[in-house]
1. Report in % the part of the accessible area of the chain that belongs to carbon and sulfur, leaving out ligands and nucleic acids; probe 1.4 Å.
2. What base-10 log of the normalised intensity I(q)/I(0) is obtained for segment 272-314 from the Debye formula, alpha carbons as equal point scatterers, at q = 0.22, 0.35 Å⁻¹?
3. How big is the Rg/Rh ratio for the chain, C-alpha atoms only, Rh by Kirkwood, two decimals?
4. So if I take the centroid of the Cα atoms in segment 131-148 and the same for segment 233-292, what is the distance between those two points in Å?
5. Considering only C-alpha atoms, what is the centroid distance from segment 1-27 to segment 152-213, in Å?
6. Can you compute log10 of I(q)/I(0) for segment 248-322 with the Debye formula, treating each Cα as one identical point scatterer, at q = 0.13, 0.15, 0.21, 0.22 Å⁻¹?
7. What fraction of the Cα pairs in segment 50-103, stated in percent, has a spacing above 15 angstrom?
8. Sort out for me the Cα centre separation of segment 298-352 from segment 38-67, rounded to whole Å.
Amino acid sequence: MSFEIPKTQKGVIFYEAGGKLEYKDLPVPTPKPNEILINVKYSGVCHTDLHAYKGDWADHVPLKLPLIGGHEGAGVVVAMGASVKGWKIGDLAGIKWLNGSCMNCEYCELGNESNCKHADLSGYTHDGSFQQYATADAVQAAKIPKGTDLAEVAPILCAGVTVYKALKTAELIAGDWVAISGAAGGLGSLATQYAKAMGYRVVGIDGGEGKKELFEKCGGEYFIDYTKEKDIPAAVVKATNGGAHGVINVSVSEKAISASTEYVRANGTVVLVGMPSGAKCISDVFDQVSKSFKVAGSYVGNRADTRQALDFFARGLVRSPITIEPLSDLPEIYQKMADNKLLGRVVVDTSK
Ligand code: NAD
Ligand code: ZN
């Protein structure tokens, strides 16, 4: 099988953080010896892409500029570098946040590649999936089974993998309560479904039109609207009869993150996933000691987490709550995301 690869393609690029998002003709990148070239059909739009575009984390990790964002890309392998192993032209492949890592350091050695100091990040330090052709390190790119719906699988590549790993980090057992803060967003709507599939009971916190309905459609049991409920910790403690055994924080709210330390059950785990710019998680030390709970960070997932998260999806245990929009509408999608108006995940079609 071979594909004719054009010289130019459509994509969305910006030249400075927060600057104009330009939908235009861009050169098709050439894969390096270790890379595959993917004809991206669909890409999820993650809140991380908006943080990157705004320059929210630039003090921690410098942003590549100009930059093509996107890190939930699903498509077809159309070319590959000379040293690539394990891929064929025509295979389905996914672009993840972790585009590549050194594979030599102590973190990579133990399968914690996302913590690698030399991590190369799609849509941040490496041009990502908001273009029709993108490159990915052949070792880290996700293998997508033949016949998979590429629009639906796209959000699993970051949101799905991330929440699946975060739920593992919470170390729950079947029947435990997990609270998901930001439960009807891109990550939250998948977290609710993974949690249910893993045997947990879910209390969801979110707010705005349609969020409760989506949360319940995803299998959530008890919904708390943060725009209406005055005392969220008390409401969670009441719903769970003593506090959530685990909390997955996927809201982009510093206040919501600190509040989660007040409603976690004794001996439970607060998992930090959402990364509002400059946020601190404030936990009362007396409470944390006497309730002996943990606060843990969770950062995407490794190759095994990716394979396992994709397997839940392939078996129909989680479904993608997507709306498909043209790639050229990215500025409007970012605005709705910033206003907390999106339900589930928006996936962009790179052909429009
Ligand atoms: P999203 O915008 O789709 O969802 C966020 C949800 O939080 C929305 O539904 C919003 O209504 C809700 N929300 C806002 N304020 C709230 C509050 N006070 N209480 C409860 N809910 C509230 O965003 P997303 O794509 O799901 O990403 C969420 C966060 O996770 C972002 O900060 C993103 O960068 C981060 N993220 C982290 C990782 C990781 O590896 N740790 C991976 C992917 C994304
Ligand atoms: Zn993401």
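The values are calculated or read from the model by the stated rules, or taken from the named source; none is laboratory data. From a predicted model like this one, the values you see are computed outputs, not experimental measurements. Neighbour counts run over all protein chains shown; Cβ positions are idealised from the backbone, glycine included. SASA here: full protein model, heavy atoms, side chains in, ligands and nucleic acids out. Shrake-Rupley method; radii C 1.70, N 1.55, O 1.52, S 1.80 Å.
1. Working: 8040 of 15610 Å².
C and S atoms contribute 52 percent here.
2. Computed log10 I(q)/I(0) values: -0.82, -1.16.
3. Details: Rg = 19.7 Å, Rh = 20.3 Å.
Expressed as Rg/Rh, it is 0.97.
4. When both Cα centres are located, 36 Å separates them.
5. Between the Cα centres of segment 1-27 and segment 152-213 lies a distance of 33 Å.
6. Normalising to I(0) and taking log10 leaves -0.52, -0.66, -0.93, -0.96.
7. It works out to 64 percent of all Cα pairs.
8. 14
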